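Novice: Sharing a structure below in structure tokens format, with a few things to ask.
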Ligand code: CMC
């Protein structure tokens with residue numbers, strides 16, 4: 001295997017060492033060009049490592065995903081979301097005593113300041129719940145100004161826990177606000193997921209008890225969404241954190257990035273697409289439109305996975321379990337037909353486009369009676385554990401610097417200003 005790269009430029013030859021399958025981009029600067037020292041051009045960071053990370057491993061060709069070395073299939077089968085959040089943040093699975101303490105710590109911080117709640121209440125009733133989530137999370141550092149002291153380990157720890165704990169509360173408030181329903185406060189009698197479902201769906205009953213199969217399905221969905229290495233929103237979190245920002249301010253960048261339809265907003269876009277297709281017999285026509293470049297098959301394709309997304313496989317199974325409780329989502333048949341046809345078509349095969357995590361998750365959320373606008377919120381709540389693990393890793397990494405990419409300047413130079421009447 002190559003240990004170094006040799007670059008010939010004119011009569012000079014440069015040797016750049018290879019470490020961990022990469023060359024240091026700054027090593028290229030010793031090579032002069034007509035436009036200055038050599039740099040790399042990589043829009044979308046398609047082939048650029050921006051950090052070292054020990055949190056999540058993906059082998060996109062083999063369809064492998066591991067958190068801290070544990071395969072996602074094992075975690076989804078046996079763990080709880082809070083246990084996985086502990087694993088992501090601390091690097092090891094908790095002992096029973098550590099897990100009990102961790103659950104206690106997180107559950108203790110689920111309440112939000114009434115004024116943070118008011119930020120949601122003062123929004124338009126029909127504003128997107130992601131907008132409400134973003135603005136309320138953005139406000140949190142104002143309630144916890146100590147969070148700005150990111151060099152203090154205690155401040156780091158408590159504010160990460162606070163954010164993990166308050167995300168479901170803010171998400172549930174954003175949902176209920178859009179329905180004009182009263183807010184349900186966290187309950188000590190319920191665990192993290194049961195409590196989240198109660199804050200979302202409780203009506204007049206004295207004790208809300210979600211079906212255990214639904215509690216488990218949400219737990220699994222949360223595990224699958226918890227982290228995914230250097231995706232768009234995690235990169236946004238790390239970029240904002242690199243300027244020395246607190247967990248809340250950094251997480252807002254993640255929520256904003258996740259909102260995009262090419263990222264976490266894809267689950268909402270999938271449901272819109274299925275609604276537009278309308279019936280199974282119109283699937284072939286839609287696929288023809290995708291092949292002709294008139295539409296994208298939302299929920300398909302991935303920057304890293306060039307094989308079946310392992311999360312999509314697990315979600316498909318969860319969907320069947322949820323539909324046992326809720327009844328089958330009628331759009332499932334359209335999704336299955338899309339998958340069946342796409343996986344046999346040259347267009348998708350040659351581009352290695354397979355269903356991703358968002359293809360089936362929206363069907364589950366719809367069956368649970370969430371409106372599509374809530375789907376990305378349901379992604380943001382668990383992804384917070386990954387964002388915070390990555391935030392913490394970035395803050396503690398001595399190699400990390402403020403993120404500041406280069407550009408290739410394509411504009412004018414040295415023009416002379418002209419008074420407005422002479423233009
Ligand atoms: N439908 C149709 N064609 C597609 C799709 C799709 N969903 N995805 C990629 N392609 C085509 C694309 O047009 C290109 O074709 P060509 O080589 O002829 O120009 C080729 O496949 C390579 O795609 P790309 O856009 O260069 O790939 P990328 O790595 O830049 O984009 C992606 C990855 C996820 C943004 C893209 O596949 C996509 O837009 N998918 C639909 C949105 C989606 O489901 N997003 C969720 C991603 S997973 C969860 C998450 O990260 O939040």
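The values are calculated or read from the model by the stated rules, or taken from the named source; none is laboratory data. Since this is a predicted model, take the numbers as computed values, not measurements. Because the Cβ atoms are built from the backbone with ideal geometry, glycine has one as well, and the counts that use them run over all protein chains shown.
Novice: Just to check your reading of the model, which residue among 266, 253 is modelled with pLDDT of 95 or more and closer than 19 Å to residue 387 by Cβ?
Specialist: 253
Novice: A follow-up question, please. For the stretch 191-213, give me the residue count where each residue is surrounded by 18 or more Cβ atoms within 10 Å (Cβ to Cβ) and in contact with a helix residue (DSSP H, G or I) (Cβ under 6 Å, 6 or more places away or on another chain).
Specialist: Going through the stretch 191-213 one residue at a time, the tally reaches 8.
Novice: Tally up the residues in the stretch 121-142 that are assigned to a helix (DSSP H, G or I) and in contact with a helix residue (DSSP H, G or I) (Cβ under 6 Å, 6 or more places away or on another chain), please.
Specialist: Number satisfying all stated conditions: 12.
Novice: Does residue 167 satisfy being outside any loop (DSSP other than H, G, I, E, B), over 30 Å from residue 394 (Cα atoms) and at pLDDT 95 or above?
Specialist: Here the answer is no, as residue 167 does not meet what is asked.
Novice: Under 8 Å between Cβ atoms, which residue pairs at least 6 apart in sequence (or on different chains) link something in the stretch 296-313 that is free of Cβ contacts under 8 Å to residues at least 24 places away in the same chain with a partner that is near the ligand (Cβ under 9 Å from one of its atoms)?
Specialist: 296/290
Novice: To continue, here is another question. With respect to the numbered conditions (1) touching a residue at least 24 places away in the same chain (Cβ under 8 Å); (2) outside any helix (DSSP H, G or I); (3) in contact with a helix residue (DSSP H, G or I) (Cβ under 7 Å, 6 or more places away or on another chain), which one is the sole condition not fulfilled by residue 172?
Specialist: For residue 172, the exception is condition (2).
Novice: A further question follows. Can you give me the number of residues within the stretch 224-245 that are surrounded by 24 or more Cβ atoms within 10 Å (Cβ to Cβ) and either more than 15 Å from the ligand (Cβ to nearest atom) or farther than 24 Å from residue 83 by Cβ (or both)?
Specialist: Selection size over the stretch 224-245: 2.
Novice: Applying the selection to the stretch 143-157, what residues are in a helix (DSSP H, G or I) and either crowded, with 17+ Cβ neighbours inside 10 Å or more than 22 Å from the chain's Cα centre (by Cα) (or both)?
Specialist: 143, 145, 146, 147, 148, 153, 154, 155, 156
Novice: Going by the structure shown, is residue 370 within 25 Å of residue 320 (Cβ to Cβ) and outside any helix (DSSP H, G or I)?
Specialist: yes
Novice: Could you say which residue among 388, 403 is more than 16 Å from the ligand (Cβ to nearest atom), farther than 30 Å from residue 277 by Cβ, in a helix (DSSP H, G or I) and modelled with pLDDT of 95 or more?
Specialist: After applying the criteria, what remains is 388.
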